[in-house]
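*Asks:* Take a look at this one; I'll ask things after.
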Amino acid sequence: MCGRGRCALAPEEVAAAAGVNPARWRDAERYQRRHNVQPGAWTPVVRVSELDQQPELHTMAWGLVPSWTKPEERPDHFRMFNARSETLCEKAAFSRLVRGGRRCAVLMDGFYEWKRDAGGRKQPYYVHFRPRVAGGAPRPMLMAGLYDVATRADGFQLYSYTIVTVDAPPRLAWLHDRMPALLPDADAVSVWLSGGGSGDCQGCGGNGGGGGGGAGDDGAACAKVGKAAPLEVVVERVCRPYDGDDLSYHPVTAAMSDPQYDRPDACVDVRSRKGAITAFFGQSPARKPSDEEPKSPVGKPSRVEPGSPAVERIRNDPKLPVGEWVKKDPKSSAVERVKEDPKLSVASAAKQGSPGAAVPAGAAAPGTRPKRGAIT
């Protein structure tokens, strides 16, 4: 299943990726760049024009709304936002579109999938193509799709599409068992849009045995499919798992799981963020400092201000800890010094104590770091 994607290409990048003149873009004004796209959003697709049989861009709504939808019925874009390649030639909702030439290539930067970790937390991943050259411009994805048009009560023609999915290749199967049917090159796009002759679209071969290969293998296979080839051959050769070396993925922020989260960092690798690697491996989020806890990081003595709750607790009960890394002892000279001068942190008081001052059990000696495994 593919239910979330990213389509943040600038209009000129969309036209370049599609290989279509910007003047041949229908409803271009509906397109809005999004970093977190879900069904119902308007995104660009490439299709063959009914007027001159040439490729054109058309902004359509993701999530197929079939033509037989009643005009007064509210469109449900989540009902058919994906279509399994194995049943394209069996289900009436899709086979009529395959036969009728209502095939399209969906343009996106990449797509998101989620993996549940051992703790039950769902970690999102962003799957995309690597740039052709290191540091180069991002390479958009073209996905096999089908489109239809429904008429609303007000006469509006609603164009919508679904993304065709296939089995995931072995190196992506750990993340999800399905993925979009990618069209890796111009040959694959051309065959999907206009290939297929007078076939009855029966006995569809699905994913062709689950092989899949790199971009070169797919391109060679598609190049052999002529425009008069049976539709089942087109589906079998084009809708297959893609496992090219240019396919990449990485974990992203869990915040993008919210469909309303539409910020540029939605697709950024969380491992590249400073200090974020520990969070990625499942550590609990940092606790919000309370009035009874110092607000400084572990290992950095906090300065205790006069009248603060921490000072009052020392005065009332010197056995309680102050700070996150020093465990107090009732007879500690540090505690006594804090009582006398609350502006001092407990760590500073311990450091300034007499040579014979007692060091609390489990705490590091003044001027040294606590030992690994010590109670902090």
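*Asks:* With respect to Asp117, is the statement that it is within 25 Å of Ser49 (Cα to Cα), open to solvent by 10 Å² or more (accessible area, probe 1.4 Å) and within 17 Å of the chain's Cα centre (by Cα) true?
*Replies:* In short, no.
*Asks:* Among the residues of region 150-157, are any within 21 Å of the chain's Cα centre (by Cα) and on the phi < 0 side of the Ramachandran plot?
*Replies:* Checked region 150-157: no residue is within 21 Å of the chain's Cα centre (by Cα) and on the phi < 0 side of the Ramachandran plot.
*Asks:* Within region 129-155, restricting attention to residues that are outside any loop (DSSP other than H, G, I, E, B) and touching a Lys or Arg at 6+ places or on another chain (Cβ under 8 Å), which residue is most open to solvent (accessible area, probe 1.4 Å)?
*Replies:* Here the residue is Arg139.
*Asks:* I'm trying to understand the selection: among the residues of region 13-53, which are closer than 21 Å to Asp262 by Cα and free of Cβ contacts under 8 Å to residues at least 40 places away in the same chain?
*Replies:* Ala28, Glu29, Arg30, Tyr31, Gln32, Arg33, Gly40, Ala41, Trp42
*Asks:* With respect to Ala93, is the statement that it is surrounded by fewer than 23 Cβ atoms within 10 Å (Cβ to Cβ), in contact (Cβ under 8 Å) with a residue 12 or more places away in the chain and either of a type in the set (A, V, I, L, M) or touching a Cys at 6+ places or on another chain (Cβ under 7 Å) (or both) true?
*Replies:* In short, yes.
*Asks:* A follow-up question, please. Return the total of residues in region 12-43 being open to solvent by 20 Å² or more (accessible area, probe 1.4 Å) and part of a strand (DSSP E or B).
*Replies:* Residues flagged as open to solvent by 20 Å² or more (accessible area, probe 1.4 Å) and part of a strand (DSSP E or B) within region 12-43 amount to 5.
*Asks:* Report yes if some residue within region 135-145 is of a type in the set (A, V, I, L, M, F, W, C) and farther than 21 Å from Ala15 by Cα; otherwise report no.
*Replies:* Within region 135-145, not a single residue is of a type in the set (A, V, I, L, M, F, W, C) and farther than 21 Å from Ala15 by Cα.
*Asks:* Next up: Would you check if there is a residue in region 156-172 being in contact with a strand residue (DSSP E or B) (Cβ under 6 Å, 6 or more places away or on another chain), farther than 21 Å from Val268 by Cα, part of a loop (DSSP other than H, G, I, E, B) and not charged (D, E, K, R)?
*Replies:* Yes, region 156-172 contains at least one residue that is in contact with a strand residue (DSSP E or B) (Cβ under 6 Å, 6 or more places away or on another chain), farther than 21 Å from Val268 by Cα, part of a loop (DSSP other than H, G, I, E, B) and not charged (D, E, K, R).
*Asks:* Just to check your reading of the model, which residue among Ala181, Ala223, Ala168 is modelled with pLDDT of 50 or more, touching a helix residue (DSSP H, G or I) at 6+ places or on another chain (Cβ under 9 Å) and hydrophobic (A, V, I, L, M, F, W, C)?
*Replies:* Ala181
*Asks:* Within region 44-102, which residues are of a type in the set (Asp, Glu), out of contact with any Phe, Trp or Tyr (no Cβ under 8 Å at 6 or more places or on another chain) and not in a loop (DSSP other than H, G, I, E, B)?
*Replies:* Result: Glu86, single match.
*Asks:* Being open to solvent by 20 Å² or more (accessible area, probe 1.4 Å) and in contact (Cβ under 8 Å) with a residue 12 or more places away in the chain is the requirement here; does Arg84 meet it?
*Replies:* In short, yes.
*Asks:* Does Trp62 count as more than 18 Å from Pro180 (Cα to Cα) and crowded, with 17+ Cβ neighbours inside 10 Å?
*Replies:* No; evaluated as a whole, the condition is false for this residue.
The values are calculated or read from the model by the stated rules, or taken from the named source; none is laboratory data. All values reported here derive from a predicted model rather than from experimental measurement. In this analysis, Cβ positions are derived from the backbone assuming ideal geometry, glycine residues included, and neighbour counts consider all displayed protein chains. The area values use the complete protein model at the heavy-atom level, side chains included, leaving out ligands, DNA and RNA. Shrake-Rupley method; radii C 1.70, N 1.55, O 1.52, S 1.80 Å.
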